[in-house]
1. It is to be established whether one or more residues within segment 142-154 are over 29 Å from L263 (Cα atoms), small (G, A, S) and more than 16 Å from the ligand (Cβ to nearest atom).
2. Identify all residues within segment 163-179 that are aliphatic (A, V, I, L, M) and open to solvent by 20 Å² or more (accessible area, probe 1.4 Å); write none if there are none.
3. Can you list residue pairs whose Cβ atoms sit under 8 Å apart, with the first residue in segment 127-144 being on the phi > 0 side of the Ramachandran plot and the second being open to solvent by 10 Å² or more (accessible area, probe 1.4 Å) and away from the ligand (no atom under 11 Å from the Cβ)? Count only pairs 6 or more apart in sequence or on different chains.
4. How about segment 132-162: which of its residues are surrounded by fewer than 21 Cβ atoms within 10 Å (Cβ to Cβ) and within 30 Å of W249 (Cβ to Cβ)?
5. Looking only at helices (runs of 4 or more DSSP H) that fall completely inside segment 143-253, which ones have 2 or more residues that are in contact with a strand residue (DSSP E or B) (Cβ under 8 Å, 6 or more places away or on another chain) and over 16 Å from M28 (Cβ atoms)?
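The values are calculated or read from the model by the stated rules, or taken from the named source; none is laboratory data. Note that this is a predicted model, so its numbers are computed, not measured. When we count neighbours, we look across all protein chains shown, and the Cβ atoms used for this are built from the backbone with ideal geometry, even at glycine. These area figures cover heavy atoms from the full protein model, side chains too; ligands, DNA and RNA do not enter into them. Shrake-Rupley method; radii C 1.70, N 1.55, O 1.52, S 1.80 Å.
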Amino acid sequence: MNPRPSKWAGGPAGDRAVCVLAPNPGPMTLDGTNTWVLGDPGAAQAVVVDPGPDDEDHLRRVLDVVRSRGAEVAVALLTHGHADHAGGARRFAELAGCPVRAFDPAYQLGDEGLRDGDVVAAGGLEIRVLATPGHTADSLCFLIPEEGAVLTGDTVLGRGTTVVAYPDGALGPYLGSLRRLRSLAGQVPVRRLLPGHGPVLDHPLAVLDYYLAHRAERLEQVRTAVAAGARTPREVVERVYADVDEVLWPAAELSVRAQLDYLADED
Ligand SMILES: [Zn+2]
């Protein structure tokens, strides 16, 4: 589905986005967190999406990338509050002298939050904000119409699928968010997805269809496991996620709890 190499090191994606990869690889973060620097080439300002973890070297590297483009940071935006995306936001704001905008007021620095339908005009771009709850309640995606690109945070990853981080995350809203992204991708059109982890995705419709199909398949497996006598979330994980590395089972258990919660609402 994705012709790019599976090893991802960051770098440019189109003319108006460049990824600075944070040095925090792991089973949940894949190659590390993608910090995105956005702006028209030659613009005096840039927008930084997800400064990343609280890692001084990484944060300074992001600022170097912005300044090497002859720009200053107008604002940092957060896709959501998880520490691998937002942990360095406060320090980055100090270094760059910029505000931080986020859906969750706990992460906001400065006067402005971030809501569905907001347009962030900076760096020659008009970035459109989409509320996409599910991975977490505060998850956002950002559409760059000029580039036909959507920054997806952890709602869609560059490889594999994401965790519905129950109880903050929830499956019903997550499915709604995937459907919303899919319908958007069919209209704008969207040519690529810039995820919060892993490589750029060049076939948005195919990826979103895969995500929706994967969710439907897992849900059916959970239903079957429960019907066959699985009593606890852990027992469901052992049956349904047998194909997944055990280090991911605690995360899978969160997704299972989200699925059980969703099925309970359905009854
Ligand atoms: Zn996350």
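1. yes
2. V163, A170
3. That search, which allows pairs on different chains as well, returns G134/A170; G134/P173; G134/L175; G134/G176.
4. The answer is A137, R159, G160, T161.
5. 171-187, 204-227
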